[in-house]
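Here the structure is laid out as structure tokens; the discussion comes afterwards.
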Amino acid sequence: MPARALPRKHPLFVTAVTAATVLTLGALGACSLEEPTTEKARTGKAGSSSSEGKQSGPSADRKKQQKNGGDSGPRAAGESALYADKGLKVTVSAPEPFTPSVYAAGHKSGQQAHKLRVTLENTGDTKIDTVLVTVGARQGEDGETTAGIFDGETVGSGFTGKLLPGKRATATYGFDAPRGAGTLDIEVSVNDFETEPAQWSLKL
């Protein structure tokens, strides 16, 4: 008995279905990402430090963005990224130079180590998993990626556990930069497939 040939799908039909699927997934992904808005620095709030006074107001770039109606950053030290839908506020402090201990990992000889605090505040009514939060950095005018410094339980250990509504959590991060680098750009990502990362441009 001769074998029956399987029906062939029309290549144009397959291409059309594939393209439609890609466009649909892309549209859903784009719609699901929440862009954070910005809250100016406030004296005495969590995540601030005494060195933030000189950077408490928006930078020249921020002023230009606000004038043009933009609010995508970068933010200055002490300013917060607000995720209204998720119920999360993220604040980054001004960086401070520090000397890593002999047991620190990630610090390179000849580089200046800087530490900063990242504060999360749950402004919503459901718990937030802080383990998913990551903090990255780029330094200098060329935006060169700089690795994090891990120094015991005080610097670089990151966030752990669930953050209850109305509560705050703060973690200290360390990053290297060449002496005289000028700026340290920080990106905080929640990594939940619902929010866009938030950026800060900090003066060293």
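The values are calculated or read from the model by the stated rules, or taken from the named source; none is laboratory data. Bear in mind that the values here come from a model prediction, so they are computed numbers and not experimental data. Because the Cβ atoms are built from the backbone with ideal geometry, glycine has one as well, and the counts that use them run over all protein chains shown. Surface accessibility is based on the protein's heavy atoms, side chains included, excluding ligands, DNA and RNA. Shrake-Rupley method; radii C 1.70, N 1.55, O 1.52, S 1.80 Å.
Of the GluC sites (Glu not before Pro) found in segment 105-152, the ones in coil according to DSSP and having at most 13 other Cβ atoms within 10 Å of their Cβ are Glu141. Straight-line reach only, C-alpha to C-alpha below 16 angstrom: list the aspartates and glutamates that Lys89 could link to, leaving out same-chain residues fewer than 8 apart. Within reach: Glu34, Glu35, Glu39, Asp71, Glu79, Glu121, Asp125, Asp129, Glu187, Asp192, Glu194, Glu196. When only Cα pairs under 8 Å and 6 or more residues apart are kept, what is the percent relative contact order across segment 81-204? It rounds to 29 percent for segment 81-204. The accessible surface of segment 70-204, taken with every protein chain in place and a 1.4 Å probe, is 48 percent carbon and sulfur. Is segment 106-147 rounded, prolate or oblate when judged by the Cα gyration tensor, a ≥ b ≥ c being the square roots of its eigenvalues, rounded requiring a/c under 1.5 and prolate requiring a/b larger than b/c? Taking the square roots of the gyration eigenvalues as a ≥ b ≥ c, segment 106-147 is prolate. Label sites at Glu153 and Asp125, each approximated as a point 7 angstrom past Cα along Cα to Cβ, lie 3.6 nm apart.
Between Thr37 and Asp85, the simple label model (points 7 Å from Cα in the Cβ direction) yields a spacing of 1.4 nm.
The packing ranking, built from the mean of other Cβ atoms within 10 Å per residue, places the peptides 178-191, 82-95 in the order 82-95, 178-191, highest first. In whole percents, the pair-distance distribution calculated for segment 76-204 from its alpha-carbon pairs, binned every 10 Å from zero, is 13, 45, 31, 11, 1.
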